[in-house]
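Down below is the structure, laid out as structure tokens.
The values are calculated or read from the model by the stated rules, or taken from the named source; none is laboratory data. Owing to the predicted nature of the structure, the values given are computational and were not obtained by experimental measurement. Every residue, glycine as well, gets a Cβ built from its backbone with ideal geometry; the counts of neighbours run over all protein chains shown.
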Amino acid sequence: MTYSSDTNAIADAAADVLIEAREVLAGGFRPYERVRVRRAGEDVETRDLLRAGPAVAVLPIDLAREEVVLIRQFRVAAQLANGKGDLVEIVAGHVEENEAPPATARRECIEEIGVAPELLIELFTYLTSPGISDEEVTLFLGIVDASRAALAPDAREASALLRVSIDAALSALSAGTVRNGPLVTALQWLALNRARLADIARTGAMPQ
């Protein structure tokens, strides 16, 4: 066990490993792979994982109205997990080949809530479930005009659009009534940074 009070030591680091082999076990929407890994001084380990790749999530906020724009969407995994598959979510989607994350974020906003953000601010990137998937999500703050938000007539996934107050969204977080990972992560960020929203939007970046 190592103890350190140095915050610089609290950081992910490159691992001393060798990827010896990769095998696609199944295709479908995303490939499922078996990977053989050798760590320094240890035997080969076999790990199975879903290759989901880079994704984005956007927290759409209307600062003038103090509203958050959310969507409701069915997820079969959530239904199997706890019987509550009709999730409340934020805008999200996977980055297409040769597409930059900000472009994905803007496209997904148009497709899912019918409005392009007036301003997109990159917040941070995180791994959703590194024990089983390589999915890495970049979270954006999107400044929008909530009055223009609407589900596309041909929406295939989202079943409803929700305009809620920031207070109501944070109350749902506190009450534990929402469980979608990107939404929970975004609302946690919002709870920590609500007082700085105007400054963040004015400068177009997170304070250093």
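Worth pointing out:
Matching residues to (1) in a helix (DSSP H, G or I); (2) of a type in the set (Ser, Thr, Tyr):
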site: 168; (1), (2): yes, no
site: 174; (1), (2): yes, yes
site: 178; (1), (2): no, no
site: 183; (1), (2): yes, no
site: 186; (1), (2): yes, no
site: 189; (1), (2): yes, no
site: 193; (1), (2): yes, no
site: 196; (1), (2): yes, no
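- Residues in the range 123-163 that are more than 18 Å from residue 74 (Cβ to Cβ), surrounded by fewer than 16 Cβ atoms within 10 Å (Cβ to Cβ) and aliphatic (A, V, I, L, M): 127, 132, 150.
- Flag for residue 67 being surrounded by 20 or more Cβ atoms within 10 Å (Cβ to Cβ) and more than 16 Å from the chain's Cα centre (by Cα): yes
- Failed item, numbered, when residue 59 is tested on (1) modelled with pLDDT of 95 or more; (2) touching a His at 6+ places or on another chain (Cβ under 7 Å): (2)
- Among the residues listed as 91, 76, the single one being modelled with pLDDT of 95 or more and not assigned by TED's automatic domain parsing to the domain that holds residue 19: 91
- Residue check, residue 105 of a type in the set (A, V, I, L, M, F, W, C) and surrounded by fewer than 16 Cβ atoms within 10 Å (Cβ to Cβ): no
- Flag: residue 57 does not match the condition of being closer than 24 Å to residue 102 by Cβ, in a loop (DSSP other than H, G, I, E, B) and either of a type in the set (Ser, Thr, Tyr) or touching a residue at least 40 places away in the same chain (Cβ under 8 Å) (or both).
- Looking only at the range 26-47, residues that are in contact with an Asp or Glu (Cβ under 8 Å, 6 or more places away or on another chain), surrounded by fewer than 12 Cβ atoms within 10 Å (Cβ to Cβ) and either assigned to a loop (DSSP other than H, G, I, E, B) or modelled with pLDDT of 90 or more (or both) come to 1 in all.
- The residue list 115, 137 contains one member that is in contact with a Pro (Cβ under 9 Å, 6 or more places away or on another chain), assigned to a loop (DSSP other than H, G, I, E, B) and under 14 Å from residue 58 (Cα atoms), which is 115.
- Every residue from the range 172-204 that is farther than 19 Å from residue 56 by Cα, surrounded by 12 or more Cβ atoms within 10 Å (Cβ to Cβ), free of Cβ contacts under 8 Å to residues at least 60 places away in the same chain and not charged (D, E, K, R): 173, 191, 193
- Qualifying positions in the range 33-56 - of a type outside the set (A, V, I, L, M, F, W, C) and closer than 26 Å to residue 91 by Cβ: 51, 53, 54
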